[in-house]
Amino acid sequence: MFLLRRGLAALVLVGGFVAVIRAEDPPKTREQQAAEIEKQIAELKKKLDDLKAKSASTGTGKKPLTLAEAETWRSVRGVALSPDGKWFAHRVGANEGEADLILRNTADGKETKFSGGQGFGALLFSLDSKWFAFTYASVTPKGAAPGTTRPKAKVVLVNLANGEKTEIEGAASLRFNGEAATHIVFRKVTDPPGPGAAPAHSGSDLVLRELATGTDLVLGNVADFEFDKAGAWLITVIDAAGQLGNGVHLRDMKTGAVHLIESGKAAYRGLSWNEDTTAFTVTKVTDDPGYEAKWISVIGFTDLGAKPTKTTYDPKDDKDFPKDMGITGSASWTDALDGFSFNITARKKKGEVAPAPKEMKTEAKVDPKDDGKKGKKAGPTTGGASDGAKPDLVVWHWKDDRLQPMQEKQAGTDRVVNYSAVYWTKDKKFVRLATDELKQAGLVAKQKYAIGRDSKPYEYMSYLNGKLYTDVYVIDPKTGTKTKAAEKLASLFFGGASASPSPVGTHFLYYKDGHYHVYDMTAGKGTNVTEKVGTSFVDTDDDHNFDKPATPAFGWSRDGKFVLLSDGWDIWRVSVDGSGGTSLTENGKKDGIRYRGLNQFEAEPKPGVDLTRPVYTAMYGEWTKKDGFARIDPSKPGANVLLWGDCAYGVQAKARKADTFVFSRQTSVDYPDFYIADATFKNAKKVTDANPQQKDYKWSAGTKLIEYKGVGGMKLQGALFLPADYEPGKKYPTIVYIYEKLSQNMHRYQPPSAGAIGSIYTSAGYAVLMPDITYRLNDPGVSAAECILPALDAAVASGVVDGDKIALHGHSWGGYQTAFMVTQTNRFKCAIAGAALTDLVSMYSSVYWNVGMANQPIFESSQGRFTAGYWDLQEAYIRNSPVYHAKNVNTPLLLLHNDKDGAVDFTQGVEYYNTLRRLQKPVVMLQYRGENHGLVKPENRTDYAIRMREFFDHHLMGKPAPDWWAEGVPHLKMEDHLKARPKP
């Protein structure tokens, strides 16, 4: 025992660490001395950890990632390939600051670097591959006050023959003149009108530059413009102050001759070419004294030249046009140039009060003279209400098709409903296609038919149980006659079932009762086209409460003779006459490969797939996680594999006039950089290097694929991301991140981010496990446990994961499963549950405020995976609700729940927190005021990321507990607490 005298210090060996205790007057109690020693030990441990980290960094020459790198990590923000395939351009930059614009010669690899500005922007080659242009947005200085003026944008033009660069200040959008490639046009940037001031007109200066000479021609007051595909014509729509000189000009790009083909005291809008750019339409907008909205007529032009043929349709002259309605938006020519298609909408007379929506069933009559006070009744006021005051009331009625909050959210679209229509110019006949009874209707290709879809009779129940049905009608666009073609096609509540028309406009494809059907609109007959095909088109992997969900349909053959369908593995060419089908890929189901999507890289894409030409498709190995790209050749069985590897490919594109392809490739350790290849895809050359600095940082050593069995003995997998400096045989603390199926992300590159569990954690020595979860109906939580616990066993058995140092994390649905898992097992050292559902009984009938609907359809037909409400399945709802099993929780739990969460109500987090607190369980809830389902404000995202790291480091790495976890933060000390928080 040492006797300490005043002013003297002694060194004490405690737990292997040296601590200093100093004698003071008055002497401290033993408890105070012990607390001081513990604090000093904690500080020494932290210093020791820092020294070890620095030592490790010095030893490998690499440093761990921090949140600071999230702002400096770069991404490719746009690519372009010249039509001849000889040039490749890309913009690459971080979230803030100046980007680089790099132009590369694909033959010799020579690169030219330009300042790329801030954000994204246009990258464009002329179609003769002689010129390159891009837009540049100046950088906003970091920390600049809102509204700070920054330099105007500019366009940069590069002559590819000699590398000469021209900067055009104060220019924005740009375009070359199609195949001719003799000119470039760009719009000059105009200063916005002052606060509260409406623009006097929409036109601004357009600059037309001749590329060969550099000569500029300024075209004033241009509101809209378009080139034809050949680049022979330029249409300009003029909109000047006071409508002086307004009209449409047609410029001959070869001679420079300008033809005024339409003019008037009006605004011209909605410039629209036909597909071949041989004809176009505009709308003519004029004032209508009796109505609030403008009056719109349609003008179409054909036989382009000095005196094109002009066709006009003004509904005022048409007795068949509906009263108190008008054209809205733009119009377009029919394929045969014998009609205009457009939308119409109701028009409100000036001074008229809009009627209440039918759904509100308001009985009170409204007097237009009553200053717009809807619902005001005659009679005395009560309760001392002042004259003219009205209650702030919402009436929720059980017969409402949609909840009142949803009606409020959708009031804008309810208030303005557009109906499709057509005017046949040769017949001089107006035909309305969509009506109040059939609001969704539109012309199909060739305009021989229109298709209408009606879900209204089934909408009410769809917002209760999640199952929506749709009736499909065939409409004769010459007469408006409607014929029901298909009935009760099933879909989920958020969208009606599809009816996909053929490219030739005579048939449409739909799915019903486990089979695809094709309806012949000419014969008025539907045919089951898959019953004779030797495979099933029911998605058996879909475990939601939905009967016989469909596998994907990839569209039509261009000639309309076949539909192209996936059985989940292979791509099938199925005859529309119902005679059967042929697998185009052959080996998908046999080899566990999923073929996904079809692409022909056409310079001018047309509807449908041309089966007389090669078709490209993506490949994915369900059990190997390999990724690839293949070509399906006409009259040759099977797919010709072009790319296949332990990576993920993406963003394929082809040069317009050459067999040069560009694609991206990524792994968990390789950023998705771009590569250039020829048609064989062999010897591809890497053409971007977004993050060369990655070599200076500790990064994940790669991934392992684990396998286990989940619900019902189903084979499942998980992606295990290895820590940096991984050593085989060594076990590592591990964070398990969950949602549903996640193993498909095995080759996904994860840049440092404040919003993700990924590279920052593996850089710090953590392993990260992302397991697959599947479900049994009426048991979402129990199903999750039956998948996650075997995944843990498999991960531990891999030799990578330290079974005593595992944490769990999930957000939203993953947050729910996290909150539930800690009631079922003590295997996790700690857990973080973000925006978690915690009481499925109360959640079922709460409101999904972001869209205004009840959660009931989500529970019964979507993610919840229940087959009924809690009154029929009370035990199941309780069995799967975290809050009812809170007494079992022993795992330290961090909750995130924001007060403005519009997906999972804030009360879900509060209820769980209060229950756990009542049971004296270790729990802290973070609430970021004003935030919704996820964090948007950068300061909040950063704060949450730091707290997550502190929480995991404490429980898995043995670091000191942060004060907010150990003791909490009193309300009156929050400001000081935030000031003292560590910076990223």
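The values are calculated or read from the model by the stated rules, or taken from the named source; none is laboratory data. Owing to the predicted nature of the structure, the values given are computational and were not obtained by experimental measurement. Virtual Cβ from ideal backbone geometry, glycine too; neighbours counted across all protein chains shown.
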- Task: Inspect segment 813-823 for any residue being of a type in the set (F, W, Y), within 28 Å of the chain's Cα centre (by Cα) and assigned by TED's automatic domain parsing to the domain that holds H897 and give the result as yes or no.
- Result: yes
- Note on the structure: For segment 458-487, the count of residues that are loosely packed, with under 14 Cβ neighbours inside 10 Å and either in a strand (DSSP E or B) or among the polar types (S, T, N, Q) (or both) equals 5
- K512 meets each of (1) touching a residue at least 40 places away in the same chain (Cβ under 8 Å); (2) crowded, with 17+ Cβ neighbours inside 10 Å; (3) more than 29 Å from Y848 (Cα to Cα); (4) basic (K, R) with one exception, condition (1)
- Here the residues within segment 203-220 that are over 34 Å from the mean Cα position of the chain (by Cα) and under 15 Å from A171 (Cα atoms) are D205, V207, L208, R209, D216, L217, V218, L219, G220
- Note on the structure: Screening A754, A795, A831 for residues that are assigned to a helix (DSSP H, G or I) and either out of contact with any Ser or Thr (no Cβ under 6 Å at 6 or more places or on another chain) or of a type in the set (A, V, I, L, M, F, W, C) (or both) leaves only A795
- Message: Checking the structure you have, find out if any residue of segment 407-429 is touching a Pro at 6+ places or on another chain (Cβ under 7 Å), assigned to a strand (DSSP E or B), buried (at least 19 other Cβ atoms within 10 Å of the Cβ) and in contact (Cβ under 8 Å) with a residue 40 or more places away in the chain.
- Response: yes
- Go through the residues of segment 150-170 one by one and say whether even a single one is modelled with pLDDT under 95 and polar (S, T, N, Q). no
- Top-ranked residue in segment 687-714 [being in contact (Cβ under 8 Å) with a residue 12 or more places away in the chain and more than 20 Å from Q750 (Cα to Cα); ranked as surrounded by the fewest Cβ atoms within 10 Å (Cβ to Cβ)]: G712
- Message: Give me the strands (runs of 3 or more DSSP E) completely within segment 490-575, filtered to those with at least 3 residues that are assigned by TED's automatic domain parsing to the domain that holds K715 and farther than 23 Å from R631 by Cα, ordered by residue number.
- Response: none
- Does at least one position in segment 618-626 carry a residue that is in contact with a Leu (Cβ under 7 Å, 6 or more places away or on another chain) and at pLDDT 95 or above? yes
- Where a residue in segment 230-253 is buried (at least 21 other Cβ atoms within 10 Å of the Cβ) and its partner, wherever it lies, is at pLDDT 95 or above and basic (K, R), with Cβ under 7 Å and at least six apart: W233/R251; L234/R251; T236/R251
- Item | Count - residues of segment 715-739 that are surrounded by fewer than 23 Cβ atoms within 10 Å (Cβ to Cβ) and among the hydroxyl-bearing types (S, T, Y) | 3
- How about segment 881-973: which helices (runs of 4 or more DSSP H) wholly inside it have at least 2 residues that are closer than 20 Å to T823 by Cα? 906-918, 938-957
- Message: If I ask for residues that are under 35 Å from the mean Cα position of the chain (by Cα), closer than 20 Å to D228 by Cα and of a type outside the set (S, T, Y), which ones from segment 304-351 would you list?
- Response: A331, W333, D335, F340
- Query: Going through segment 757-779 one residue at a time, which ones are in a loop (DSSP other than H, G, I, E, B) and either free of Cβ contacts under 8 Å to residues at least 24 places away in the same chain or not acidic (D, E) (or both)?
  - Reply: I757, G758, A764, G765, Y766, I773, T774, Y775, R776, L777, N778
- Query: Is at least one residue of segment 913-924 assigned by TED's automatic domain parsing to the domain that holds H809, in contact with an Asp or Glu (Cβ under 7 Å, 6 or more places away or on another chain) and either in contact (Cβ under 8 Å) with a residue 40 or more places away in the chain or not aromatic (F, W, Y) (or both)?
  - Reply: no
- Query: Which condition breaks for T818 when tested against (1) touching a strand residue (DSSP E or B) at 6+ places or on another chain (Cβ under 6 Å); (2) over 25 Å from S842 (Cβ atoms)?
  - Reply: (2)
- Query: Hey, among G755, G781, which residue is within 30 Å of E860 (Cβ to Cβ) and touching a helix residue (DSSP H, G or I) at 6+ places or on another chain (Cβ under 8 Å)?
  - Reply: G781
- Message: Quick check on my filter: what residues within segment 491-509 are of a type in the set (A, V, I, L, M), more than 22 Å from R432 (Cβ to Cβ) and buried (at least 20 other Cβ atoms within 10 Å of the Cβ)?
- Response: A497, L509
- Item | Residue check, S138 free of Cβ contacts under 8 Å to residues at least 24 places away in the same chain and among the hydroxyl-bearing types (S, T, Y) | yes
- Query: Has segment 568-590 got at least one residue that is of a type in the set (A, V, I, L, M), at pLDDT 95 or above and within 25 Å of the chain's Cα centre (by Cα)?
  - Reply: no
- Message: Filter segment 943-966 down to the residues that are more than 13 Å from L893 (Cα to Cα), of a type in the set (G, A, S) and surrounded by fewer than 19 Cβ atoms within 10 Å (Cβ to Cβ) and list them by number.
- Response: G958, A961
- Query: Can you tell which of S502, S462, S491, S498 is more than 28 Å from H544 (Cα to Cα) and of a type outside the set (D, E, K, R)?
  - Reply: S502
- Note on segment 576-587: residues within 12 Å of L611 (Cβ to Cβ) and either in contact with a helix residue (DSSP H, G or I) (Cβ under 9 Å, 6 or more places away or on another chain) or not hydrophobic (A, V, I, L, M, F, W, C) (or both) are T582
- Keeping to segment 436-457, report how many residues are surrounded by fewer than 16 Cβ atoms within 10 Å (Cβ to Cβ) and assigned to a loop (DSSP other than H, G, I, E, B). 2
- Message: Considering only residues that are free of Cβ contacts under 8 Å to residues at least 40 places away in the same chain and either within 13 Å of L217 (Cβ to Cβ) or of a type outside the set (A, V, I, L, M, F, W, C) (or both), which ones fall in segment 255-268?
- Response: T255, G256, V258, S263, G264, K265
- Item | Matching residues in segment 601-621 - criterion: being in a loop (DSSP other than H, G, I, E, B) and within 17 Å of W644 (Cα to Cα) | none
- Here is a list of conditions, (1) out of contact with any helix residue (DSSP H, G or I) (no Cβ under 9 Å at 6 or more places or on another chain); (2) aliphatic (A, V, I, L, M); (3) at pLDDT 65 or above, and L65 meets all of them except one; can you say which number that is? (1)
- Note on the structure: The correct count of residues that are assigned to a loop (DSSP other than H, G, I, E, B) and on the phi > 0 side of the Ramachandran plot in segment 265-289 is 1
